[in-house]
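Trainee: Can you read through this structure? Questions will come right after.
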Amino acid sequence: MATETLEQRAAEAPVQDNEQVSSSAETRQFVTFMTGGEVFAVDMAPVQEIIRMPEVVRVPMAPATLNGLANLRGKVLPIISLRRLFGFAEQAPDDATRAVIIDVGQPLGFVVDRVASVVGVEPNQIEGVGAIRSAVDTDLLSGLIKGVGVTA
C-alpha cells in the first residue's frame, strides 16, 4: 500500500496564479479533489495523508456510505465513499482514486476520484453555500472558494 505524504503532494502540486500564497497569517491551505465530476476542497490542517485506495473488508449491515474497513499500519481505518455520501453514481476505483485520511477525532478515509492540488486561500475568497445550487447536498458543505480552478 503506497502512501503519499502531504509534503510530497504539496511539492508536486501545480501552482496557479490564483494559488499564490501571501505572507498573510490568514491564508489557509486546502487540498482540492474531484468526486463525481465536482471539485471539492478540505482544510489541510486535519488531513493526515493521502493514500492509494486500500483493500477494504465490507462490514455487514453497515451504512451504504461505508465502503468497509482497511488496515493502515496496524490500525483499523473506516473508508467512506464520498460518491455515495453525495449521491453520485458509483464508479470503479482506478489509478487516480485516492483515500484522503482526515482526523475527525479518529482517522477516517474518504474516497475521492482524484486529488488535484494544494491551494492557499484568503478568507475573502470563501463565501457561504446558501446562494449556490449544486448537485450536492449543501448541508454537507461549509463554504464555496471563489476563483480556485482545478486543472486536468
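The values are calculated or read from the model by the stated rules, or taken from the named source; none is laboratory data. What you see is a predicted model, and the numbers here were worked out from it, not measured in a lab. Here the Cβ is made from the backbone with ideal geometry for all residues, glycine too, and neighbour counts use every protein chain on show.
Residues checked against (1) part of a strand (DSSP E or B); (2) in contact (Cβ under 8 Å) with a residue 24 or more places away in the chain; (3) surrounded by fewer than 19 Cβ atoms within 10 Å (Cβ to Cβ):
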| site | (1), (2), (3) |
| --- | --- |
| V31 | yes, yes, no |
| M34 | yes, yes, yes |
| A62 | no, no, yes |
| N67 | yes, yes, no |
| A70 | yes, yes, no |
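Trainee: Also, quick follow-up: Working only within segment 82-121, note down all residues that are over 11 Å from the mean Cα position of the chain (by Cα) and crowded, with 20+ Cβ neighbours inside 10 Å.
Mentor: V119, V121 - these are the residues of segment 82-121 that are over 11 Å from the mean Cα position of the chain (by Cα) and crowded, with 20+ Cβ neighbours inside 10 Å.
Trainee: Another question about this same structure. Answer yes if at least one residue in segment 16-36 is at pLDDT below 90 and β-branched (V, I, T), and no otherwise.
Mentor: yes
Trainee: Does segment 71-81 contain any residue that is of a type outside the set (G, A, S), within 13 Å of D113 (Cα to Cα) and modelled with pLDDT of 90 or more?
Mentor: Yes, segment 71-81 contains a residue that is of a type outside the set (G, A, S), within 13 Å of D113 (Cα to Cα) and modelled with pLDDT of 90 or more.
Trainee: Could you list all residues from segment 47-71 that are in contact with a strand residue (DSSP E or B) (Cβ under 7 Å, 6 or more places away or on another chain) and of a type in the set (A, V, I, L, M)?
Mentor: Passing the criteria: V47, I50, I51, M53, V56, V57, V59, L66, L69, A70.
Trainee: Something else now. Restricting to segment 41-60, give me the number of residues that are surrounded by fewer than 16 Cβ atoms within 10 Å (Cβ to Cβ), among the β-branched types (V, I, T) and under 15 Å from L108 (Cβ atoms).
Mentor: 1
This table checks each residue for (1) among the hydroxyl-bearing types (S, T, Y); (2) modelled with pLDDT under 95.
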| residue | (1), (2) |
| --- | --- |
| V100 | no, no |
| Q106 | no, yes |
| V111 | no, no |
| G128 | no, yes |
| V136 | no, yes |
| S142 | yes, yes |
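Trainee: If you go through segment 72-122, how many residues are of a type in the set (S, T, Y) and not in a strand (DSSP E or B)?
Mentor: Residues flagged as of a type in the set (S, T, Y) and not in a strand (DSSP E or B) within segment 72-122 amount to 1.
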